[in-house]
Structure formats: structure tokens, C-alpha cells
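Shown next, in C-alpha cells, is the structure this report addresses.
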Amino acid sequence: MGWTTVDSGEHEGWVSYVALDGRTSGTSNGLGMLLDHPEADQRVAAAWAANRTPTNEDMYELVPYADVVGWQVLCSCGWAGRRWAREEADVRDSRFLDAESAYLPDGRTVESHGVDLWSEHVAPVSRLAAVERAAAVLAEARQALDEAVHQVRAQEPAASWAEIGRAAGITRQSAHEKWGSSAP
């Protein structure tokens with residue numbers, strides 16, 4: 001399972017499996033975790049060239065659950081959070097090592113701890129979302145104002161810089177300095 005920030009799509013978090021060699025992946029199947037195969041592009045191209053649909057074996061390297069040593073919470077921005085060893089958890093369904101069914105000594109799952117840690121990581125982004133939205137609205141308003149000035153200067157008779165300044169709440173000179181070189 002993964003999580004994304006509501007206000008900004010730049011962060012996506014998940015609990016990843018950790019292989020014996022330290023590699024991580026959030027993708028799995030019934031046999032183990034799936035890692036992107038280093039030659040996936042070539043293998044997929046070869047499958048299409050052979051007139052067959054690429055399979056998981058073409059795209060992924062399978063790491064059996066027996067070689068999965070734990071979990072780690074990760075974020076698409078590159079942030080890496082806490083890592084839990086397999087021995088720290090009571091896995092209720094031994095066929096899978098899903099973070100949702102791996103219970104830690106406090107009774108919570110690895111997944112619930114992971115989402116809490118990731119939420120702390122993205123909290124500053126979420127707090128700044130209102131600033132981002134206001135900045136976007138301001139940029140749109142500035143563009144609309146520039147376009148409106150251009151239109152009233154292009155019409156006959158053209159609006160004077162004094163009229164434009166009054167309408168924009170600035171002086172004639174400020175209006176001319178701001179838009180004089182870009183308006184007709």
C-alpha cells in the first residue's frame with residue numbers, strides 16, 4: 001500500500017521489502033518481492049520482437065520471501081525512514097511478509113508505523129500547501145492583469161497610463177514602468 005500527499009503530488013510513500021543484499025522494493029507477488037530487472041528494457045524489447053507479451057520474468061527479478069530480511073519506509077523524494085528487521089515482527093500469515101500483517105511488539109503493524117513516520121516526513125510540505133496554492137493564484141492574477149493592460153492599451157482609443165494606474169491602484173508612472181515596454 002502507498003500514500004500520497006493530498007496537496008502536492010511530489011511525495012509518495014510506502015513500506016518496502018528489504019532483501020538480504022539491502023535492495024528494496026514495494027512490489028511483490030505470491031512468491032516474494034520483485035525487483036526491477038537490470039536488463040528489463042532489453043528483455044521487454046526482445047519479448048515484443050519475438051511477438052510475445054512481456055511477462056513478470058522479463059521485467060522483474062524475484063527475491064523469495066525467505067531472502068527478505070525486513071521492511072523500510074520510503075518516499076519518492078528519496079527520503080528513507082525506519083528499517084525493521086524481520087525478527088522484530090510477528091508475521092501472522094507466514095506465506096507473505098506484507099507490512100499490513102507484520103505486527104510489532106507494541107501491537108501495531110509495520111504499515112501503521114510506516115505511515116506515521118512518512119506523515120511526519122511530509123508534514124512540512126503539507127503545511128506549505130496553502131502558500132503554494134496562494135502563490136499559484138497570485139501568478140494567475142498577475143498574468144490576467146498583464147493581459148488586461150495589454151488589451152486596454154491595444155484598443156482605440158488606448159487607455160492612458162494614468163487611467164491604468166488608477167484601475168490597478170498604482171501611480172501613472174508605476175503603471176508605465178511596469179507595462180510600458182510590453183504594451184502597445
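The values are calculated or read from the model by the stated rules, or taken from the named source; none is laboratory data. Everything numeric in this text was worked out from a predicted model, so none of it was measured. A quick note on method: Cβ atoms are made from the backbone with ideal geometry, for glycine too, and the neighbour counts reach across all protein chains shown.
Which residue pairs have Cβ atoms under 8 Å apart, sit 6 or more places apart or on different chains, and have a first residue in segment 72-85 that is outside the structural domain of Glu100 (by TED's automatic domain parsing) and a second that is exposed (fewer than 14 other Cβ atoms within 10 Å of the Cβ) and not charged (D, E, K, R)?
Short answer, once both residue conditions are applied: none.
Is it fair to say Val44 is out of contact with any Cys (no Cβ under 9 Å at 6 or more places or on another chain), surrounded by 16 or more Cβ atoms within 10 Å (Cβ to Cβ) and under 29 Å from Ser126 (Cα atoms)?
So Val44 fails the test.
When you check Glu163 against the structure, is it in a loop (DSSP other than H, G, I, E, B), acidic (Asp, Glu) and either in contact with a helix residue (DSSP H, G or I) (Cβ under 6 Å, 6 or more places away or on another chain) or over 30 Å from Leu34 (Cβ atoms) (or both), yes or no?
So Glu163 fails the test.
Here is a list of conditions, (1) touching a Pro at 6+ places or on another chain (Cβ under 7 Å); (2) surrounded by 14 or more Cβ atoms within 10 Å (Cβ to Cβ), and Ala154 meets all of them except one; can you say which number that is?
Failing condition for Ala154: (2).
Mind checking which residues of segment 24-40 are over 25 Å from Gly81 (Cβ atoms), part of a loop (DSSP other than H, G, I, E, B) and within 26 Å of the chain's Cα centre (by Cα)?
His37, Pro38, Glu39
Given the residues Ala102, Ala139, which is the only one that is more than 17 Å from the chain's Cα centre (by Cα) and within 20 Å of Pro64 (Cβ to Cβ)?
Exactly one residue qualifies, and that residue is Ala102.
Identify the residue in segment 79-93 that is assigned to a loop (DSSP other than H, G, I, E, B) and more than 26 Å from the chain's Cα centre (by Cα) and, among all such residues, is surrounded by the fewest Cβ atoms within 10 Å (Cβ to Cβ).
Among those that are assigned to a loop (DSSP other than H, G, I, E, B) and more than 26 Å from the chain's Cα centre (by Cα), it is Asp93.
Could you tell me whether segment 124-147 includes any residue that is within 30 Å of Val18 (Cα to Cα) and hydrophobic (A, V, I, L, M, F, W, C)?
yes
Give the residues of segment 94-127 that are touching a strand residue (DSSP E or B) at 6+ places or on another chain (Cβ under 9 Å), assigned to a loop (DSSP other than H, G, I, E, B) and surrounded by fewer than 12 Cβ atoms within 10 Å (Cβ to Cβ), sorted by residue number.
Residue satisfying the conditions is Pro105 alone.
Looking only at segment 41-66, how many residues end up being assigned to a strand (DSSP E or B) and aromatic (Phe, Trp, Tyr)?
Residues flagged as assigned to a strand (DSSP E or B) and aromatic (Phe, Trp, Tyr) within segment 41-66 amount to 1.
List the residue pairs whose Cβ atoms are under 8 Å apart, where the first residue sits in segment 134-148 and is free of Cβ contacts under 8 Å to residues at least 60 places away in the same chain, the second is among the hydrophobic types (A, V, I, L, M, F, W, C), and the two are 6 or more positions apart or on different chains.
Within 8 Å, the pairs are Leu145/Ala168; Asp146/Trp179.
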